[in-house]
1. Can you give the FRET efficiency to the nearest 0.05 for residue 43 and residue 69, using r as the Cβ-Cβ distance and R₀ = 35 Å?
2. What angle do you read, to the nearest 10 degrees and between 0 and 90, between the alpha-carbon axis of helix 21-31 and the longest principal axis of the chain?
3. Set Lys and Arg Cβ to +1 and Asp and Glu Cβ to -1, take the dipole of the chain about its Cα centre, and tell me which of 60, 23, 4 lies farthest positive.
4. To the nearest 10 degrees, how steep is helix 44-55 against the longest Cα principal axis of the chain, on a 0 to 90 scale?
5. Counting heavy atoms of the protein chains only and a 1.4 Å probe, report the per residue accessible area for the chain as a whole number of Å².
6. Out of the total accessible area of the chain (probe 1.4 Å, heavy atoms of protein only), what percent is carbon and sulfur?
7. For the chain, what is the relative contact order in percent, using Cα pairs closer than 8 Å and at least 6 residues apart in sequence?
8. Once you charge only the Cβ atoms, +1 for Lys and Arg and -1 for Asp and Glu, what is the size of the charge dipole of the chain about its Cα centre, to the nearest 20 debye?
Amino acid sequence: AVEYTCAARAIDFRHPLKPSPATAALHSLLREEVDGPGPDRYLSPELQKAETILRFDAMTQALHDVGVHLV
């Protein structure tokens, strides 16, 4: 969850560069639940939301939706 959140933050900071479609799908998935950069805040609730995404296979579906099929 920490690495996922940090990776999404890195993508936010690299704007206007655009990630690959697969990476963008995973970034968007996280941003539906977790805010991007902003003021300092307590991150535990955000990390719990990221962990939920990781546990419940939402990432696989998001990748599938952009044409990436995992073997």
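1. Values: r = 33 Å, r/R0 = 0.93.
Rounded to the nearest 0.05, the efficiency is 0.60.
2. Tilt relative to the chain: about 40 degrees.
3. So the residue we want is 23.
4. Approximately 10 degrees, to the nearest 10.
5. Working: 5180 Å² over 71 residues.
With all protein chains present, the chain gives 73 Å² per residue.
6. Numbers: 3020 of 5180 Å².
Reported share for carbon and sulfur atoms: 58 percent.
7. Numbers: 46 pairs, mean separation 29.4, N = 71.
Normalised by residue count, the contact order of the chain is 41 percent.
8. Details: 7 positive and 10 negative charges, 39 e Å.
For this selection, approximately 180 debye.
The values are calculated or read from the model by the stated rules, or taken from the named source; none is laboratory data. Owing to the predicted nature of the structure, the values given are computational and were not obtained by experimental measurement. All Cβ positions, even for glycine, are placed from backbone atoms using ideal geometry, and neighbour counts span all protein chains on display. In case anyone asks, the SASA skips ligands and DNA or RNA and just uses the protein heavy atoms, side chains included. Shrake-Rupley method; radii C 1.70, N 1.55, O 1.52, S 1.80 Å.
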